[in-house]
1. Does Glu45 satisfy the criteria of being surrounded by fewer than 23 Cβ atoms within 10 Å (Cβ to Cβ), in contact with a Ser or Thr (Cβ under 6 Å, 6 or more places away or on another chain) and either modelled with pLDDT of 95 or more or basic (Lys, Arg) (or both)?
2. Condition (residue is among the aromatic types (Phe, Trp, Tyr), open to solvent by 30 Å² or more (accessible area, probe 1.4 Å) and at pLDDT 95 or above) applied to the stretch 105-117: is it met by at least one residue?
3. Have a look at Leu104, Leu51, Leu161, Leu94 and point out the one that is assigned to a loop (DSSP other than H, G, I, E, B) and in contact (Cβ under 8 Å) with a residue 12 or more places away in the chain.
4. Within the stretch 138-153, how many residues turn out to be in a helix (DSSP H, G or I), more than 20 Å from the chain's Cα centre (by Cα) and of a type outside the set (D, E, K, R)?
5. Just one of Ala154, Ala135, Ala181 is open to solvent by 20 Å² or more (accessible area, probe 1.4 Å), over 22 Å from Gly76 (Cβ atoms) and out of contact with any Phe, Trp or Tyr (no Cβ under 6 Å at 6 or more places or on another chain); which is it?
6. I need the full set of residues from the stretch 56-80 which are among the aliphatic types (A, V, I, L, M) and surrounded by fewer than 23 Cβ atoms within 10 Å (Cβ to Cβ), in order please.
7. Quick check on Val120: is it touching a residue at least 40 places away in the same chain (Cβ under 8 Å), out of contact with any Pro (no Cβ under 7 Å at 6 or more places or on another chain) and open to solvent by 10 Å² or more (accessible area, probe 1.4 Å)?
8. Have a look at Glu128, Glu97 and point out the one that is open to solvent by 50 Å² or more (accessible area, probe 1.4 Å), among the charged types (D, E, K, R) and under 12 Å from the mean Cα position of the chain (by Cα).
Amino acid sequence: MTDQPHPLPQSPAEHLPERLPEHLLKHLPEGLAEAARRYADGRFEEARELLVALAAAHPDDAETAYRAACVHDRLGLEAEAVPYYERCLRGADLPEESRRGALLGLGSTYRVLGRYEEAVATLRQGVERHPADGALRAFLAMALHNTGAHHEAAALLLKTLAETSEDPSVRTYRRAIEHYADDLDATV
């Protein structure tokens, strides 16, 4: 596992729950629940081995590809996670919450791998689908910074801060922060 900040929930139970909802279980390949248990128990390499096998046996199952991508990312195997993320995002049957996580995970992974333009494109797609998602917006700002779009990155972070902060002083100046975020170089 790398020391890199991870874009996905760090609690294994949050990411691969031990018990998947019944409506999902009947549509998932057998073995996915076992992979979830191994992940929840912190047995990440065992979960990865099982998910790789499941993804190979069920190449059209987007959710399995997503879970395989996540466990690779969790283990610091970012380059190996990319094809699973790309495969799951091609799946029309991927649940929207998994699609949101996959866009965040793939965009962040592209960024960590130095594939900044792909990171920006992927994260923009995520923000377009989920405009209120602060994590997607923060990772997009990081990727924008990496591409040299510093003004847009700072503006996005300031707007996200103004919209989401519970800090009393930020809330007091929310309108001003949002106003100046639109044109950081304006003077009077």
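1. It is false that Glu45 is surrounded by fewer than 23 Cβ atoms within 10 Å (Cβ to Cβ), in contact with a Ser or Thr (Cβ under 6 Å, 6 or more places away or on another chain) and either modelled with pLDDT of 95 or more or basic (Lys, Arg) (or both).
2. Yes, the stretch 105-117 contains at least one residue that is among the aromatic types (Phe, Trp, Tyr), open to solvent by 30 Å² or more (accessible area, probe 1.4 Å) and at pLDDT 95 or above.
3. The unique qualifying residue is Leu94.
4. Matching residues across the stretch 138-153 total 2.
5. None of the others qualify; the one that does is Ala154.
6. Ala56, Ala57, Ala62, Leu75, Leu77, Ala79
7. No: the conditions fail for Val120.
8. Glu97
The values are calculated or read from the model by the stated rules, or taken from the named source; none is laboratory data. A quick note: this is a predicted structure, and the numbers were derived from the prediction, not measured. Because the Cβ atoms are built from the backbone with ideal geometry, glycine has one as well, and the counts that use them run over all protein chains shown. Note: areas computed on protein heavy atoms with side chains; ligands, DNA, RNA excluded. Shrake-Rupley method; radii C 1.70, N 1.55, O 1.52, S 1.80 Å.
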